[in-house]
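Below is one structure, written out as structure tokens; comments come after it.
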Amino acid sequence: MKLSGKALWTSLLLLGITVGQSGGSAGVLVHKVEAAGAIKPAAASDYASHPAKEAIAFGLQKGYIWTYPDEKFHPEQTVTQSQFVASLVAIRQVSEKAPVPELAAGHWAKDIYERAQKAGILANVKIDPNKPLTKEEAAALVFNAWRPFRGEKNPNLTNTGALITWGWMKAAPSGQPKFREDLPVTRGDAAEILRYLWKDKWQLEQGAKYADEFHRNLKIQNGKLTGKVPKADKNFMVIVQFNKKQGGLEGFINGMSFSIPVNEVSSIGLLVSNVNDSTDAGTYLYTKLPSLERVNNNTKFHKQAKGEN
């Protein structure tokens with residue numbers, strides 16, 4: 001089933017405005033959309049037995065994917081460029097805009113695409129809102145959207161290959177080349193990819209919070225580096241590693257205090273890890289001691305795509 005341009009635009013515009021004004025609050029989003037008589041949560045029978053049911057339910061609850069006016073999700077339908085772009089804009093919580101001259105004034109998708117343009121999501125993408133996406137096209141949009149968070153992908157892999165290697169996109173069915181870029185992306189597939197993005201953004205935000213707490217407490221007093229590793233919550237392990245000039249290292253974890261002579265330390269590394277799946281929630285480096293200048297080193301896309309840990 002396909003929406004008419006007017007119907008889809010009405011839904012996207014309402015959702016885009018709501019996300020921008022509410023700061024991404026799922027509760028406000030659902031309340032406003034239902035009050036306006038637009039899209040409601042999908043009937044469970046539409047995806048209850050689908051392999052992506054948990055990802056679909058998660059995305060509907062968080063408010064970055066939506067149903068059709070028939071209140072069904074249609075998980076086996078190929079996702080369109082506009083649907084995927086709208087979800088990326090919602091997850092990124094983009095409110096600012098930049099011109100998209102390819103779309104005429106008054107075009108039903110213009111608001112969403114202008115938000116995506118500002119966020120860099122449309123870099124090197126041919127604007128075609130109604131186009132059903134292939135894996136390569138969806139993966140390109142993902143890497144555009146996530147470049148500020150995870151850096152560049154491995155240049156030796158296609159967008160599809162890099163995303164499959166990182167575990168965020170399924171490989172082709174058995175018996176086919178693993179990285180087939182031309183296969184379609186269903187709405188169910190998209191829901192699974194988008195759940196990874198939402199969770200990664202969330203964990204990176206938590207990692208940044210703990211890194212800021214560590215940075216505020218890190219001081220040089222009487223020739224010593226002093227501070228305390230953030231306690232964090234049960235979902236995260238915070239590890240601080242002091243690399244010694246004479247070789248070796250000294251490490252501390254959640255809640256531990258430290259006091260180390262600054263002239264013995266060549267650099268400091270801080271790693272925040274999600275203990276539920278061991279994913280990297282933030283890496284920060286201090287390499288210019290005694291200056292406490294730090295560098296954000298969240299470049300996991302490129303490192304893991306090359307097989308590094």
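In the context of the full set of protein chains, residues of region 81-223 present 44 Å² of accessible surface per residue (probe radius 1.4 Å, heavy atoms only). Proximity of backbone amide H atoms, modeled 1.01 Å from N, is registered between VAL265 and LYS245 at under 5 Å, excluding neighbours fewer than 5 places apart on the same chain.
The calculated FRET efficiency for the pair ALA105 and LYS244, based on their C-beta separation and a Förster distance of 41 Å, comes to about 0.10.
Here's the list of aspartates and glutamates a cross-link from LYS97 could span, going by alpha-carbon distance under 16 Å and ignoring same-chain residues fewer than 8 apart: ASP111, GLU114. Legend: residue pairs LYS170/LYS199; LYS118/LYS178; LYS62/LYS178; LYS224/LYS245; LYS126/LYS153, Cα-Cα distance threshold 24 Å; pairs beyond threshold, LYS118/LYS178; LYS62/LYS178. In a fully extended conformation the segment linking ARG216 and GLU152 would gain 20.1 nm over its present Cα-Cα distance, using 0.36 nm per residue. Shown is the FRET efficiency for LYS234 and ILE260, computed with R0 = 30 Å from the Cβ-Cβ distance and rounded to the nearest 0.05: 0.60.
For trypsin sites (Lys or Arg not before Pro), the sites in region 208-285 that DSSP calls loop and that have at most 13 other Cβ atoms within 10 Å are LYS231, LYS234, LYS245. For region 107-230, the relative contact order is 18 percent, taking Cα pairs closer than 8 Å that sit 6 or more residues apart in sequence and dividing their mean separation by the residue count.
Among the trypsin sites (Lys or Arg not before Pro) in region 125-188, those placed in a DSSP loop whose Cβ has at most 10 other Cβ atoms within 10 Å are LYS126. For region 128-270, the Cα gyration tensor yields ellipsoid semi-axes of 42, 16, 13 Å (square root of five times each eigenvalue, largest first, whole Å).
For region 88-218, carbon and sulfur atoms together expose 50% of the accessible surface, with a 1.4 angstrom probe and every protein chain in place.
The values are calculated or read from the model by the stated rules, or taken from the named source; none is laboratory data. Just so it is clear, the structure is predicted and the values come from calculations on it, not from any experiment. Every residue, glycine as well, gets a Cβ built from its backbone with ideal geometry; the counts of neighbours run over all protein chains shown. Only protein heavy atoms, including side chains, enter the accessible area calculation; ligands, DNA and RNA are left aside. Shrake-Rupley method; radii C 1.70, N 1.55, O 1.52, S 1.80 Å.
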